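Q: Sharing a structure here in structure tokens format.
The values are calculated or read from the model by the stated rules, or taken from the named source; none is laboratory data. Keep in mind that what you see is a predicted model, and the values were worked out from it rather than measured. Cβ: placed from backbone, ideal geometry, glycine included. Neighbour counts: every protein chain shown. Calculation scope for accessible area: heavy atoms of the full protein, side chains included, ligands and nucleic acids excluded. Shrake-Rupley method; radii C 1.70, N 1.55, O 1.52, S 1.80 Å.
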Amino acid sequence: MTAFVDLDAPAAEPDTGAASSRILLILPCFNEAAAVGPLLMEIAHLRAGFETVVIDDGSTDNTYEVARTMSRCVRLVHNLGIGGAVQTGTRFARDNGYDFCVQIDGDGQHPPAEVMKLLQAYRQGKANVVIGSRYLTSLTFRSTLARRMGSRIIGAALRLFFGGTRISDPTSGLRLFDRAAIEFFAARYPHDYPEPISIAWALRSGLTIKEVPVRMRAREHGVSSIAGLRTMSYMVRVLSYIVLARLQTPVRPRAVVTEEYLSS
Amino acid sequence: MNHFVPSLPTLLLVGLFAVLYLVFLVRKTMRGLLDLYDLLMLSMVALAPALFVFFPGVSDWVAQVTGVAFPFVVMFGMLFVIVFLIVHRLTVKLHRLESVNRRLVQEISILIESVEQDRRSR
């Protein structure tokens, strides 16, 4: 079944020719049996015409059984981590010819309705990647001080090494990719600390990035893997990877832009 | 300069190790469990000590050429270089295999989903 979203809805917005775009929501999940069902239900209730694919990263609970009844679901035959799961989603989007894909956490932290803000932001001024930032609005749950500080440091490092782009929430897992970004990330995606490093890779390769304020919810199920002493280790490694990304030869993304698909 | 003269037990021990390890490596290679590069690299771990023990003059000569004060250190230095090369090669190989493995997992998983999707839609 193919669903379409009319991105031309508000007449006041500049026309990007983004009519009838196929949009895929990628939900990477690992042991999210409790969260994935309500999340898929919430997406369905939006009636926004989004298609979904759940990437079950080798869960040991019944995430796959729950997800497959409500959505297409790719069950990875071996656990690859969040980076491998998201890359699988971008490959799926590329192979099935989607115009946009949106990464959205399977633990329910990202309200699906916020996806519309990413699409709206894309329409207002195109960028290859649109990040939903929890730090540009006060309408969201308050993240810990350590997290906010960490995001600021990573954002400052990205700005220092890759120029003017200001990223307030580099660890956000709510992100929209257009065609060029889908092609780029389907071919290469970082497997360690994927959110901030993928931004560094994208910036290094000339992809454009913008942010939009979004509301996020506190985690209801599971615990964050980044806590305590791991926070320090996380920061050191992420910053090292960012420096490495700056030193690497940029990979030019293929000259594929969403416009070409949308206007055809 | 300290001239190192190995004792008979040392000669026997190192010689025995070299022969046994080489036989082990050759058998593994014949069974296809190691490739030629692995055989050459790993055989150095057996051959290098044997070279220094059976020809003690070599360590004196290498020490002189490289400016190392103690010829004894030369042998360990050379073994360290060999082990380093093996580890380097393994790291590169492992990284490549990891990438291939990840890609295979992704492709197979997507393919399984497509087949199931086709089956359901029929």
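Q: Please list, in chain and number order, the residues 5+ apart from A:Glu32 or on another chain whose amide H is under 5 Å from its amide H, with Hs placed from the backbone.
A: Distant-sequence amide H within range of A:Glu32: A:Thr63.
Q: Can you sort A:Glu195, A:Glu114 by solvent-accessible area, 1.4 Å probe, largest first?
A: Values: A:Glu195 30, A:Glu114 10 Å².
Result of the area sort, largest leading: A:Glu195, A:Glu114.
Q: Filter the trypsin sites (Lys or Arg not before Pro) in the range A:67-150 to those in DSSP coil with at most 10 other Cβ atoms within 10 Å of their Cβ, and list the result. Working shown, then result.
A: On the way: sites: A:Arg68, A:Arg72, A:Arg75, A:Arg91, A:Arg94, A:Lys117, A:Arg123, A:Lys126, A:Arg134, A:Arg142, A:Arg147, A:Arg148; in loops: A:Lys126, A:Arg134, A:Arg142.
Those that pass, being in a loop and sparsely packed, are A:Arg142.
Q: Return the carbon/sulfur percentage of the accessible area of the range A:3-247, one whole number, probe 1.4 Å, all protein chains in place.
A: On the way: 5550 of 9960 Å².
That fraction is 56 percent.
Q: Let me spell out the model: positive unit charges on the Cβ of Lys and Arg, negative unit charges on the Cβ of Asp and Glu, origin at the Cα centre of chain B. What dipole size does that give, in debye rounded to 20?
A: Working: 11 positive and 8 negative charges, 84 e Å.
The calculated dipole for chain B is roughly 400 debye.
Q: Here's another thing I want to ask about it. Put +1 on the Cβ of each Lys and Arg and -1 on the Cβ of each Asp and Glu in the range A:3-247; which of A:Leu80, A:Leu239, A:Val129 then has its Cα farthest toward the positive end of the dipole?
A: Highest projection toward the positive end goes to A:Leu239.
Q: Okay, moving on. Which lysines does A:Lys117 reach when only Cα atoms under 19 Å apart count, and residues fewer than 8 places away in its own chain are ignored?
A: Result set, ordered by chain and number: A:Lys126, A:Lys210.
Q: Put simply, what bits of the range B:97-122 lose 20 Å² or more of accessible area when the other protein chains are there, versus the chain on its own (1.4 Å probe)?
A: Going by heavy-atom accessible area, the residues of the range B:97-122 that drop by at least 20 Å² are B:Arg102, B:Arg103, B:Val105, B:Gln106, B:Glu107, B:Ser109, B:Ile110, B:Glu113, B:Glu116, B:Gln117, B:Arg120.
Q: Another question, then. Rounded to whole Hz and in sequence order, give me ³J(HN,Hα) for the range A:230-245 from the Karplus expression 6.51 cos²θ - 1.76 cosθ + 1.60, θ = phi - 60°, writing x for Gly and Pro.
A: Running phi through 6.51 cos²θ - 1.76 cosθ + 1.60 with θ = phi - 60° gives 4, 4, 4, 4, 4, 4, 4, 5, 4, 5, 5, 4, 5, 4, 4, 4 Hz.
Q: Nearest 100 Å² is fine: how much accessible area is buried between A and B, summed over both sides, with a 1.4 Å probe? Mind dumping the intermediate values first?
A: Numbers: alone 12210 and 9480 Å², together 20300 Å².
Chains A and B together bury approximately 1400 Å².
Q: Pairwise over distinct Cα atoms, reciprocal of the mean inverse distance: report the Kirkwood radius of the range A:3-247 in Å, one decimal place.
A: On the way: mean 1/r = 0.0552 Å⁻¹.
It is 18.1 Å.
Q: What list of ³J(HN,Hα) couplings, whole Hz, do you get for the range A:196-203 from phi and the Karplus terms 6.51, -1.76, 1.60, once you set θ to phi - 60° and write x for glycine and proline?
A: Rounded to whole hertz, the list is x, 6, 5, 5, 4, 4, 5, 5.
Q: Of B:Gln106, B:Met30, B:Val74, which is farthest on the positive side of the dipole of chain B, counting Cα position, with +1 on Lys and Arg Cβ, -1 on Asp and Glu Cβ, and the Cα centre as origin?
A: B:Gln106
Q: Before rounding to the nearest 500, sum -39500 (n - 2.57) across all DSSP H runs of length at least 4 in chain B and divide by the residue total; then give [θ] at 222 nm in deg cm²/dmol. Numbers along the way, then the final one.
A: Details: 4 runs with 103 residues, N = 122.
Computed mean residue ellipticity for chain B: -30000 deg cm²/dmol.
Q: Over chain B, what is the relative contact order in whole percent, taking alpha-carbon pairs under 8 Å and six or more residues apart? Show your work: numbers first, answer last.
A: Working: 68 pairs, mean separation 31.1, N = 122.
Computed over chain B, the figure is 26 percent.
Q: So what are the ³J(HN,Hα) numbers for the range B:61-69, from phi and the Karplus equation (6.51, -1.76, 1.60; θ = phi - 60°), rounded to whole Hz, Gly and Pro as x?
A: Those phi angles translate into 5, 5, 4, 5, 5, 8, x, 7, 5 Hz.
Q: Next question, about the same structure. Taking the solvent-accessible surface of protein heavy atoms with a 1.4 Å probe, what is the per residue accessible area of the range B:1-121 in Å²? Write out the running numbers ahead of the final one.
A: Working: 8530 Å² over 121 residues.
The answer is 70 Å² per residue.
Q: With only Lys, Arg, Asp and Glu charged, each at its Cβ (+1 for the first two, -1 for the last two), find how big the charge dipole of the protein assembly as shown is about the Cα centre; round to the nearest 20 debye. Intermediate values should be presented prior to the final figure.
A: Numbers: 41 positive and 33 negative charges, 129 e Å.
The calculated dipole for the protein assembly as shown is roughly 620 debye.
Q: Still on this structure, I have one more. When all protein chains stay in place, what accessible area (Å², nearest 10, 1.4 Å probe) is found for B:Phe24?
A: It works out to around 100 Å².
Q: Name the long-range amide H neighbours of A:Arg22: under 5 Å, sequence gap of 5 or more, or other chain; modelled H, no Pro or chain starts.
A: Here A:Asp99, A:Phe100 satisfy the definition.
Q: Still on this structure, I have one more. Can you give me the relative contact order of the range A:3-247 as a percent, contacts being Cα pairs under 8 Å and 6 or more apart? Walk me through the intermediate numbers first.
A: Numbers: 461 pairs, mean separation 53.7, N = 245.
So the answer I get is 22 percent.
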